[in-house]
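One structure is given below, encoded as structure tokens.
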Amino acid sequence: FGSSGTRSPAPQARHAPGVVPPSVRAHCVRGHGDGPSSCAAASCCSGVRALQLRQDGGARALPGGIRSAAPPFQLAQLDLSGNPQITDDTVADLCHTLQHPSMGANLRGSLRELSVRSCMKLKARSALELQSFVMHVRDVGRASSDGSTGALKLINGIDLEALQAVSKAGLGPNAGRSGGLPMVFRTYVEPGDGPTGPHKPELACLSECDALFFASMLHLWPHIPYCHMHIVVPPAAFESRGGATAQRAAGDFLTWGPQDQDREEGLFGGPAQVTNDSPFPPPRVPADKVLAVVQSQFEAAKRLFEACPFSTQLRLSVSPSLPGCEHLLAKADRRVLGVSPSAKAAGVSAGGEVSTFQQVEAELKRRAQKRRRMSAKRNGQSLPPDAPPQRPLYVNNINSQRAHCCFRTLFGKDDIDVEHTDIMPDERCSTQLPTEVDVSSAFGVATSVDLQHLELGPLHLAKLSGVSDMPALTHINLNHNHLGDTGVDLLFRALVDAGSSVVHIAVAENSIGDEGATTIAVSLGSLPRLTSLELCDNFIQERGSMAIAEAIGGLAIAADDMEAEEAHPAGPLPVLSVDLRGNRSRELGARRWAEVICNHPDLKFLNLAQNELGLLTKENFLDLVCAAVASPSCSVLDLQDNFVQPIGVEVCVCRSVFSGEEEFCRQCGATRPKVACKCGRTFKTGERLCKKCGNARSKGLHPTVGPPPSEVIEELLADLPPGEFDPAEVRRGVFIRRHRGGGSEKKGRQPQQGQQRPAAPASGTP
């Protein structure tokens with residue numbers, strides 16, 4: 001085939017069978033058999049028709065009485081993805097040819113893969129033609145004795161053979177969806193006419209044909225458990241909106257010189273940036289074009305989800321491109337079924353290929369191992385070569401919240417081999433969406449909305465109040481943004497007004513203060529199905545923490561009179577999980593939470609780690625533990641890192657504290673930190689002055705937070721019911737109830753209510 005990129009001057013003209021016009025351009029078509037091993041796909045409609053005619057093969061009469069003896073061309077893969085010229089009529093002709101009993105026999109017998117994804121000219125008509133063809137293939141497979149779908153295995157990434165095999169095994173709608181392969185695909189924000197970085201993204205857009213075709217496949221095969229659309233937003237896509245975000249892109253060059261981009265000067269707008277990359281500044285993409293491209297991705301997701309079955313879980317996630325993995329995320333998977341690391345394929349997709357997401361997971365694991373060793377080296381420690389990664393003490397998966405975080409389901413975050421800091425090292429990896437982008441449309445159609453590290457603010461949620469109905473929404477994950485108190489108020493007011501049935505909300509690291517916490521507390525009574533909250537790493541202090549505790553415990557707060565001194569009891573709310581790690585509940589918040597969990601019938605998980613509970617006294621910390629022991633439902637109480645450690649205490653990289661003369665960490669096996677003096681001598685355990693030169697030891701002498709002191713641990717172990725809690729976990733400030741003792745008297749102290757009282761006698765019931 002020719003390689004000219006120009007369209008045929010007369011695309012409607014009919015050419016002789018077997019003759020391909022010279023204007024046809026190559027685009028990845030692979031063959032097998034007697035024909036050529038590889039050739040080109042047409043970039044125009046006449047070229048595709050020529051390929052169809054070529055399949056009839058054999059000797060044919062050409063103009064002038066000449067006969068062609070060319071053998072039939074055996075096509076194995078017809079990849080037209082990303083073609084900007086192919087139209088609906090060509091796809092219809094191709095589908096009709098493949099279904100014709102005689103005309104498409106040769107093509108139907110050799111073609112194994114067909115793809116027309118990301119062809120932006122294809123509309124709903126092409127999706128219906130492809131659906132009709134898939135139904136024809138499915139009926140042929142059902143009629144065959146072995147369930148085979150013939151030579152054709154893959155259509156637009158849908159593995160027909162795998163779906164047919166699952167259907168044959170009886171995993172239909174009545175048998176549940178646990179055995180089905182999930183549908184997962186990613187799109188890529190690419191403003192401008194060229195790539196946003198050094199790697200050209202493949203299958204960057206979701207056309208109207210793609211959206212309706214994928215939705216129709218969910219209708220045909222209802223055992224597909226969920227559909228997950230992931231949008232990658234590279235930081236380089238927003239260079240035109242200011243230099244700060246662009247400079248944060250990992251691997252990009254750093255500019256120096258004037259950083260003010262507000263003034264419009266010069267040919268490209270704004271003062272020129274001086275770099276070592278090029279003597280000329282890159283041209284700026286117009287801001288309205290950037291906004292249009294980003295908004296089109298959300299509109300495509302809405303178009304897809306509106307056509308999907310209501311019973312199918314629809315997950316939308318948006319995140320920046322992962323630092324160091326841009327080249328992998330720019331590649332697209334040929335398949336859309338079973339490509340995520342969390343799929344049943346156990347590391348390999350249904351087609352025997354390692355998917356892009358699995359390659360990213362492998363790269364992140366490699367980098368995580370290197371980071372752990374470098375961190376131990378900086379701390380003056382060394383890890384043994386065969387040291388396994390530290391396992392978390394517990395896994396909180398109430399309401400299946402872990403399944404609705406894209407970093408866990410797509411990139412392998414498990415808090416063992418890969419932690420969040422391994423994926424997104426710091427906030428500089430975030431991407432700032434333009435404030436004009438409207439993300440509210442996703443809340444009205446999706447089951448799960450996951451928007452992380454996008455620097456979302458109140459302006460992004462300004463139109464959320466216009467979404468009057470959220471019938472399918474169950475999980476919201478807006479971690480690592482900048483919502484603040486105003487954004488939280490907009491979010492919860494919209495959820496309450498829409499009568500949402502959301503069950504899990506995560507707004508960790510969003511600069512939420514006491515006002516935002518009070519808004520959440522007021523809204524809890526109007527969201528009856530909301531049973532798990534994640535509010536980690538915010539600025540919630542005593543007042544906000546007490547407000548949430550009182551709302552969950554049954555002391556309702558009037559929305560119109562939040563400052564009222566008296567609150568009307570409304571009964572405990574059916575909340576199962578509250579995560580307040582990294583806030584400042586302090587003593588007053590600890591006392592109120594102790595009163596709540598002591599009698600709450602449903603609260604199973606409470607995390608108050610790093611909340612300065614033991615900053616002044618140990619009594620409220622002990623009250624919380626006693627309340628958890630007496631609670632009828634609490635299974636996990638996390639109180640790690642709430643005590644100021646004595647100066648000179650040595651802490652391991654896993655945050656465990658070395659005690660006595662221990663040379664190795666009990667948790668991870670790392671050696672004890674070795675601190676060297678300026679003279680070269682190594683300090684021994686507990687030494688403050690060098691015996692050789694007299695210099696003072698500086699490293700390890702600054703105050704830090706950690707587990708409870710030894711005297712508190714001994715008091716707890718003496719008072720806790722025997723056999724219910726692991727002593728090793730208690731020493732770290734984590735209380736996980738392994739089982740409940742029955743009938744026998746237990747030792748313990750009564751939780752203090754309002755004022756300090758002496759501990760109960762040993763024979764009392766905690």
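The values are calculated or read from the model by the stated rules, or taken from the named source; none is laboratory data. Fair warning: this is a prediction, and the values are worked out from it, not measured in the lab. A quick note on method: Cβ atoms are made from the backbone with ideal geometry, for glycine too, and the neighbour counts reach across all protein chains shown. Note: accessible area is taken over every heavy atom of the protein model, side chains too, but ligands, DNA and RNA are not part of it. Shrake-Rupley method; radii C 1.70, N 1.55, O 1.52, S 1.80 Å.
In segment 494-516, which residue that is outside any loop (DSSP other than H, G, I, E, B) and either within 25 Å of the chain's Cα centre (by Cα) or of a type in the set (Phe, Trp, Tyr) (or both) is nearest to Ala549 (Cα to Cα)?
Looking at residues that are outside any loop (DSSP other than H, G, I, E, B) and either within 25 Å of the chain's Cα centre (by Cα) or of a type in the set (Phe, Trp, Tyr) (or both), I get Gly516.
Got a sec? Which helices (runs of 4 or more DSSP H) wholly within segment 134-250 have at least 2 residues that are at pLDDT 90 or above and either of a type in the set (Lys, Arg) or out of contact with any Phe, Trp or Tyr (no Cβ under 6 Å at 6 or more places or on another chain) (or both)?
It comes to 208-220.
Each row is one residue, and each column tells you yes or no for (1) assigned to a helix (DSSP H, G or I); (2) more than 18 Å from Ser317 (Cα to Cα).
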| residue | (1), (2) |
| --- | --- |
| Arg402 | yes, no |
| Asp415 | no, yes |
| Thr431 | no, no |
| Asp485 | yes, yes |
| Phe492 | yes, yes |
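Mind checking which residues of segment 479-535 are touching a Cys at 6+ places or on another chain (Cβ under 8 Å) and at positive phi?
Residue satisfying the conditions is Glu509 alone.
Restricting attention to segment 373-391, does a residue exist that is touching a Lys or Arg at 6+ places or on another chain (Cβ under 8 Å) and hydroxyl-bearing (Ser, Thr, Tyr)?
no
Which one of Ala403, Ala442 is in contact with a strand residue (DSSP E or B) (Cβ under 8 Å, 6 or more places away or on another chain) and in contact (Cβ under 8 Å) with a residue 12 or more places away in the chain? Steps first, please.
Working: Ala403 fails: in contact with a strand residue (DSSP E or B) (Cβ under 8 Å, 6 or more places away or on another chain).
After ruling out the rest, the residue left standing is Ala442.
Regarding segment 316-327, can at least one residue be identified that is out of contact with any Phe, Trp or Tyr (no Cβ under 7 Å at 6 or more places or on another chain), assigned to a helix (DSSP H, G or I) and modelled with pLDDT under 95?
yes
Looking at segment 523-535, which of its residues are surrounded by 19 or more Cβ atoms within 10 Å (Cβ to Cβ) and either over 19 Å from Leu573 (Cα atoms) or not small (Gly, Ala, Ser) (or both)?
Leu524, Leu527, Leu530, Thr531, Leu533, Glu534, Leu535
Taking the criterion of being at pLDDT 80 or above, open to solvent by less than 10 Å² (accessible area, probe 1.4 Å), within 25 Å of Leu616 (Cα to Cα) and out of contact with any Pro (no Cβ under 9 Å at 6 or more places or on another chain), would at least one residue in segment 709-726 satisfy it?
Checking segment 709-726: at least one residue is at pLDDT 80 or above, open to solvent by less than 10 Å² (accessible area, probe 1.4 Å), within 25 Å of Leu616 (Cα to Cα) and out of contact with any Pro (no Cβ under 9 Å at 6 or more places or on another chain).
Against the definition (open to solvent by 20 Å² or more (accessible area, probe 1.4 Å), within 20 Å of Asp159 (Cβ to Cβ), in contact with a Gly (Cβ under 8 Å, 6 or more places away or on another chain) and not aliphatic (A, V, I, L, M)), how does Arg138 come out, yes or no?
no
Return the total of residues in segment 560-585 being at pLDDT below 55 and among the small types (Gly, Ala, Ser).
2
Please verify whether segment 631-649 includes one or more residues that are hydrophobic (A, V, I, L, M, F, W, C), at pLDDT 90 or above and part of a helix (DSSP H, G or I).
no
Please enumerate the residues belonging to segment 83-107 that are surrounded by 16 or more Cβ atoms within 10 Å (Cβ to Cβ), part of a loop (DSSP other than H, G, I, E, B) and at pLDDT 85 or above.
Matches in segment 83-107: Asn83, Gln85, Ile86, Thr87.
Among the residues in segment 330-351, are any modelled with pLDDT of 85 or more, open to solvent by less than 60 Å² (accessible area, probe 1.4 Å) and within 16 Å of Phe407 (Cα to Cα)?
No, segment 330-351 contains no residue that is modelled with pLDDT of 85 or more, open to solvent by less than 60 Å² (accessible area, probe 1.4 Å) and within 16 Å of Phe407 (Cα to Cα).
Going by what's in this entry, would Asp450 be described as outside any helix (DSSP H, G or I), of a type in the set (D, E, K, R) and either open to solvent by 10 Å² or more (accessible area, probe 1.4 Å) or more than 19 Å from His230 (Cα to Cα) (or both)?
No; evaluated as a whole, the condition is false for this residue.
Right, Leu383: in a loop (DSSP other than H, G, I, E, B), open to solvent by less than 10 Å² (accessible area, probe 1.4 Å) and either modelled with pLDDT under 85 or farther than 30 Å from Phe725 by Cα (or both) or not? Break it down stepwise before answering.
Working: in a loop (DSSP other than H, G, I, E, B): yes; open to solvent by less than 10 Å² (accessible area, probe 1.4 Å): no; either modelled with pLDDT under 85 or farther than 30 Å from Phe725 by Cα (or both): yes.
So Leu383 does not fit the description; no.
Can you tell me which residue is farthest from Leu364 (Cα to Cα) among those in segment 421-434 that are open to solvent by 30 Å² or more (accessible area, probe 1.4 Å) and free of Cβ contacts under 8 Å to residues at least 60 places away in the same chain?
Glu427
Within the bounds of segment 393-402, is there any residue that is β-branched (Val, Ile, Thr), open to solvent by 30 Å² or more (accessible area, probe 1.4 Å) and closer than 30 Å to Val636 by Cβ?
yes
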